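Input: a single structure, listed below in structure tokens.
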Amino acid sequence: MQIVLVLHNLLRWGVLIFGIWTLLNAISGVTGKRKYSAGDNRSNLLFMIFCDIQLLLGLILYFGNSWFDRLKDLGNNMKDPYNRFFTMEHMSMMILAWILVHVGRASVKRANTDAAKHKRMLIFFGLAIILILVSIPWPFKEVAKPYLRWFN
């Protein structure tokens, strides 16, 4: 499980890089009224791929590290900030962000105009990035993890 945990931690940076790249493309597309480009498509495709891999690793950790089993004693787990964060908050908000990324990608592909594509990118991927940033256990939060996690 330690390898999966390290990979999950490292891949978060890929998710953030491609998510921010996608968000910047969306902002520049909306404000600059520019055409939807292959770079725009590539950025949100890579964002989605990294989110998919991250979700797979997260689910392996969730079910392999007994987080799921802790739901049996939900009342006591909700009182502990660490258990609550990892059994409910982190997982729920990250899955919601993953859904926004997939719905957003499909919505962008279906949009008829470049302006609509950029606007949908901004809305869906912007909301997803906000959820992701809030859901990461940053070192400065109550439930904290290091910026980079290595093998112990």
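The values are calculated or read from the model by the stated rules, or taken from the named source; none is laboratory data. Since we're looking at a predicted model, the values are computed, not measured. So basically every Cβ, Gly included, is an ideal-geometry build from the backbone, and we count neighbours across all protein chains shown.
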Given the structure, is I53 in a helix (DSSP H, G or I), touching a helix residue (DSSP H, G or I) at 6+ places or on another chain (Cβ under 9 Å) and touching a residue at least 40 places away in the same chain (Cβ under 8 Å)?
yes
Hits in the stretch 8-57 (condition: crowded, with 20+ Cβ neighbours inside 10 Å, among the charged types (D, E, K, R) and either over 27 Å from K145 (Cβ atoms) or over 13 Å from the mean Cα position of the chain (by Cα) (or both))
D40
Near pairs, Cβ below 6 angstrom, 6+ apart or cross-chain, from the stretch 1-18 (under 18 Å from V134 (Cβ atoms) and in contact (Cβ under 8 Å) with a residue 60 or more places away in the chain) to any residue that is part of a helix (DSSP H, G or I) and among the hydrophobic types (A, V, I, L, M, F, W, C)
V15/F50; V15/C51
Search the stretch 104-152 for residues being aromatic (F, W, Y) and at pLDDT below 95, and hand back the single one that is farthest from G32 (Cα to Cα).
F151
Scanning the stretch 11-39 for residues that are in contact with an Asp or Glu (Cβ under 9 Å, 6 or more places away or on another chain), part of a helix (DSSP H, G or I) and charged (D, E, K, R) gives none
The stretch 66-108: number of residues that are basic (K, R) and either surrounded by 16 or more Cβ atoms within 10 Å (Cβ to Cβ) or within 20 Å of the chain's Cα centre (by Cα) (or both)
3
Yes or no: I60 surrounded by fewer than 19 Cβ atoms within 10 Å (Cβ to Cβ), within 19 Å of P137 (Cα to Cα) and either within 20 Å of the chain's Cα centre (by Cα) or hydrophobic (A, V, I, L, M, F, W, C) (or both)?
yes
